[in-house]
Every structure is written in structure tokens, then in C-alpha cells.
Amino acid sequence: MTPPRYVPGHGLLNDRAVVITAAAGAGIGGATVRRCLEEGARVLISDAHERRLGASARELGEEFGAARVASLACDVTSEEQVRALYALAVERFGRVDVAVNNAGLGGTADLADMTDDQWGRVLDITLTGTMRCTRAALRVMRDQGSGVIVNNASVIGWRAQKGQSHYAAAKAGVMALTRCAALEAAEYGVRINAVSPSLAMHPHLVKVTSEDLLDELTRREAFGRHAEPWEVANVIVFLAGDYSSYMTGEVVSVSSQHA
């Protein structure tokens, strides 16, 4: 089955200031940047890979206008760098209306053979990194009295898969973080939700995942195909915009997996 028609922008995020982590390249982060720009936003893009980030920023600036695109390299394991990211957003845009916390790290290792370093690195980037970015965004949005945070979780936070104990624990933690932080943020007029994709195909995933596993995961999808990254980005835009104004603390599955 072929993907549906790409949906054009409808001004859902006109003039809103958006910060997106792990935003360079062809994955969900990169697709979300493009969708936000197509919906009228101003975007600060961030990634740990400086060269790839610079190339993405130049390309997007040429297409959408340099005034609407800013960039800063950020390793979400560094509190100092996360603080600097949000300081730049406020300096450049005057506020932060939307934060998309997309940074994460996967990998495959059976628990009996997993090292503390393997466990710790996945948890530090995927869960604690999301916490650092959520905290930084919330501090800005609390003072504004408004804002939206969207975290990137995964269906693996709900479902078991061999070799994924560290990643599954991290993504389940992102879900729990989202729900609890949302209750605290509500009194400031801030909403926090998460998306939970199943299989969104992009070049990095192909590099780190075996062809057999990708085929198996694809067969689990009711549509018989993987999601395009922009299909996940569409749901992120929905959660970031006004159509989801009564939603907070929710984890929205972006999946066609069989139950």
C-alpha cells in the first residue's frame, strides 16, 4: 500500500516559535521541522551532529527564509547545552510556543549481555535528555503562561521486543514523564503530550536495524507498510496546534500495528 497524499500546510502554527531537537536529517525530527515551517512557524532546529545541522539549516533557510530558521548544536545529555538552546530561542524569537523533544538513542542488546554503559547511554539520551528539554521548555513557558510540549515516545514503551530492554524502559519513562509533568504544567497554561510511533522508516533506522527485523515489523502493520516520517510529524503538528487544545498528558499512538 502506498502512502497517502502529502498534506499541504494550513497555517496551523502561524508565527509560533518552535524548538525541535534531533532535527537534522531525514527522520521524524527533520520531517517535523519541515511540517512546522509549512504551517507558518519560526523554528530553532537543534542536533548533536553539527555538520548535518548546518547543512539542514542552510537548506531550510534558503527555502523558507533565513529569518524563520535558526540553529544551534545541542547534546541533550548536557544541561548547559540545553539551557543555551532555550536561551537562544528566547533571544531570537522572544518566546517559545512549542517544544518538540525528539532526541533519542536506540540499539539492540540482550539484557544478560548488556553493559551498564549501554543501558546508561540510552537512558541518558532518550529519557533524561527528554526530561532536561521538557524542564527547560517548561521554565520558559511557565513565565509566559502558555506553551505546548510534544515528546517522542514509542509503541515499544507498551509492547515487548527482544533486545530492547533499555530502549523500551526509556520510552515507557518518556510516557510517564509526559503524564506527570502535564499535571504540573496545566496550572501555567502549558500542555504536554507525546506521540508513540511504531515503524517510521528513515535512513538512520535502516543503518542500525537488520533487514529481517524491519520486514518482520512491517508485517505487523495493518497497512502492510511503514509510516513515512511526515505522517508522524502531522500528528506532532496536531498536538502542537489549537485543534488539540483540551488534550494534555496524553500519549497518542501513531501506528497501524495489529493489537
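Could you grab me the full set of residues in region 24-38 that are over 15 Å from the mean Cα position of the chain (by Cα) and closer than 22 Å to GLU91 by Cα?
Within region 24-38, just LEU37 meets the criteria.
Looking at region 142-162, is at least one residue β-branched (Val, Ile, Thr), touching a strand residue (DSSP E or B) at 6+ places or on another chain (Cβ under 6 Å), under 21 Å from LEU105 (Cα atoms) and at pLDDT below 95?
Yes: region 142-162 contains one or more residues that are β-branched (Val, Ile, Thr), touching a strand residue (DSSP E or B) at 6+ places or on another chain (Cβ under 6 Å), under 21 Å from LEU105 (Cα atoms) and at pLDDT below 95.
Under 6 Å between Cβ atoms, which residue pairs at least 6 apart in sequence (or on different chains) link something in region 103-116 that is free of Cβ contacts under 8 Å to residues at least 60 places away in the same chain and more than 30 Å from VAL19 (Cβ to Cβ) with a partner that is in a helix (DSSP H, G or I) and not aliphatic (A, V, I, L, M)?
ALA109/GLN118; LEU111/SER165
Please go through region 117-144 and give me each residue that is closer than 15 Å to ALA89 by Cβ, over 20 Å from the mean Cα position of the chain (by Cα) and touching a residue at least 24 places away in the same chain (Cβ under 8 Å), ordered by number.
If the condition is that a residue be closer than 15 Å to ALA89 by Cβ, over 20 Å from the mean Cα position of the chain (by Cα) and touching a residue at least 24 places away in the same chain (Cβ under 8 Å), then ARG142, GLN144 are the ones that fit.
Taking the condition of being among the charged types (D, E, K, R) and part of a loop (DSSP other than H, G, I, E, B), how many residues in region 151-203 meet it?
Count: 2.
Of the residues in region 155-190, how many are under 15 Å from GLU250 (Cβ atoms) and of a type outside the set (Val, Ile, Thr)?
Qualifying residue count for the region: 12.
Evaluate region 193-210: report whether one residue or more is among the basic types (Lys, Arg) and under 15 Å from the mean Cα position of the chain (by Cα).
Checked against the condition, which is being among the basic types (Lys, Arg) and under 15 Å from the mean Cα position of the chain (by Cα), region 193-210 yields no hits at all.
Which pairs turn up if I take residues in region 222-250 that are at positive phi and look for partners that are surrounded by 14 or more Cβ atoms within 10 Å (Cβ to Cβ) with beta carbon separation below 8 Å, at least 6 apart in sequence or on another chain?
Final answer for the pair search is GLY224/THR218; GLY249/THR178; GLY249/ARG179; GLY249/ALA182; GLY249/ILE192; GLY249/ASN193.
Give the residues of region 5-27 that are modelled with pLDDT of 95 or more and among the β-branched types (Val, Ile, Thr), sorted by residue number.
VAL18, VAL19, ILE20, THR21
For region 153-172, does any single residue satisfy the condition of being among the aromatic types (Phe, Trp, Tyr) and under 18 Å from THR128 (Cβ atoms)?
Within region 153-172, one or more residues are among the aromatic types (Phe, Trp, Tyr) and under 18 Å from THR128 (Cβ atoms).
Just need a number here: residues in region 28-59 that are surrounded by fewer than 20 Cβ atoms within 10 Å (Cβ to Cβ) and either modelled with pLDDT under 95 or within 22 Å of VAL140 (Cα to Cα) (or both).
1
With the requirement that a residue be within 18 Å of the chain's Cα centre (by Cα) and among the basic types (Lys, Arg), what does region 48-74 give you?
ARG52
Could you check region 169-190 and list, in sequence order, the residues that are buried (at least 24 other Cβ atoms within 10 Å of the Cβ) and out of contact with any Leu (no Cβ under 7 Å at 6 or more places or on another chain)?
LYS171, THR178
For region 217-224, check the following and say yes or no: at least one residue is touching an Asp or Glu at 6+ places or on another chain (Cβ under 7 Å), at pLDDT 70 or above, surrounded by fewer than 20 Cβ atoms within 10 Å (Cβ to Cβ) and part of a strand (DSSP E or B).
Within region 217-224 (the criterion being touching an Asp or Glu at 6+ places or on another chain (Cβ under 7 Å), at pLDDT 70 or above, surrounded by fewer than 20 Cβ atoms within 10 Å (Cβ to Cβ) and part of a strand (DSSP E or B)), the answer is no, since none of the residues qualifies.
The values are calculated or read from the model by the stated rules, or taken from the named source; none is laboratory data. The structure displayed is predicted, hence computed values, not measured ones. Every residue, glycine among them, receives a Cβ derived from its backbone with ideal geometry; neighbour counts consider all protein chains shown.
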